[in-house]
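One structure is given here, and the rest of the page talks about it.
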Amino acid sequence: MPPSLPPCPWLPSPRPGLDWRALHLFRGEPRGAGFYGACLEYGEALWERGLAARAMLCLDRALGADLRGDEPALRDWPLPYRAMAWFLAHTPPEVFIGNPRYHFQHLADRMNEPRREQRRWRAWACWALARVVRPEFAADPKHVVVEPTFDAIAAALTADGIAGESELWRMVFSEARKASV
């Protein structure tokens with residue numbers, strides 16, 4: 001059984017007993033602010049149960065929510081770049097996390113609609129965080145892909161993201177870089 005992990009300060013506290021049904025409610029429904037909040041809450045529940053890899057997948061899903069940028073949920077819980085970096089930095093060695101660099105590299109390169117470009121660049125943004133926070137994870141040598149630069153990611157988040165997203169990601173990236181030195 002995985003160890004329980006301390007709460008992430010960048011995510012909402014989950015309701016007791018939260019499980020997969022929290023996201024299943026949105027099957028066939030628009031995946032907007034309600035879905036976003038449910039992904040963050042369930043991601044935190046999984047994290048606290050010691051399921052780091054699955055918790056990160058919930059944050060992926062939150063980043064895929066259809067948001068305009070003015071939703072109250074975003075004021076309370078900004079896009080989870082800081083939570084993703086926190087998960088990467090605080091996953092104990094004995095807890096399975098997979099290879100986040102592989103994961104984000106493949107996710108970004110194989111993204112499909114809806115909002116393909118937005119979701120693709122968010123995956124690249126998380127890939128860049130993984131490279132800074134967990135540099136021991138190597139790229140997939142069998143997956144030939146052009147890895148984007150910091151500036152390319154920032155520009156794409158400005159073009160395809162919501163208002164303030166690029167600035168948020170840059171700040172989290174800068175904090176992660178400083179913490180890893």
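The values are calculated or read from the model by the stated rules, or taken from the named source; none is laboratory data. Bear in mind that the values here come from a model prediction, so they are computed numbers and not experimental data. As a convention, Cβ positions derive from the backbone with ideal geometry for all residues, glycine included, and neighbour counts pool all protein chains shown. Side chains are part of the model used for accessible areas, which takes the heavy atoms of the whole protein and leaves out ligands, DNA and RNA. Shrake-Rupley method; radii C 1.70, N 1.55, O 1.52, S 1.80 Å.
One residue stands out in the stretch 1-53 among those that are touching a residue at least 60 places away in the same chain (Cβ under 8 Å) and within 15 Å of the chain's Cα centre (by Cα): the one that is surrounded by the fewest Cβ atoms within 10 Å (Cβ to Cβ), namely P9. Looking at (1) out of contact with any helix residue (DSSP H, G or I) (no Cβ under 6 Å at 6 or more places or on another chain); (2) within 21 Å of I162 (Cβ to Cβ); (3) open to solvent by less than 70 Å² (accessible area, probe 1.4 Å), which is the one condition that is false for E71? Unmet for E71, out of (1) out of contact with any helix residue (DSSP H, G or I) (no Cβ under 6 Å at 6 or more places or on another chain); (2) within 21 Å of I162 (Cβ to Cβ); (3) open to solvent by less than 70 Å² (accessible area, probe 1.4 Å): (1).
Filter the stretch 50-66 down to the residues that are under 19 Å from G161 (Cα atoms) and among the aliphatic types (A, V, I, L, M) and list them by number. Hits for the stretch 50-66 are L59, A62, L63, A65. All of (1) open to solvent by less than 10 Å² (accessible area, probe 1.4 Å); (2) among the small types (G, A, S); (3) in a loop (DSSP other than H, G, I, E, B) hold for A123 with one exception: (3). Residues of the stretch 129-149 that are surrounded by 14 or more Cβ atoms within 10 Å (Cβ to Cβ), of a type outside the set (D, E, K, R) and either out of contact with any helix residue (DSSP H, G or I) (no Cβ under 7 Å at 6 or more places or on another chain) or part of a helix (DSSP H, G or I) (or both): L129, A130, V132, V133. Screening H90 on (1) more than 19 Å from R170 (Cβ to Cβ); (2) at pLDDT 95 or above; (3) exposed (fewer than 14 other Cβ atoms within 10 Å of the Cβ) shows it passes everything except condition (3).
Across the stretch 93-120, the qualifying residues are those that are in a loop (DSSP other than H, G, I, E, B) and open to solvent by 60 Å² or more (accessible area, probe 1.4 Å), and the one among them that is nearest to E44 (Cα to Cα) is F96.
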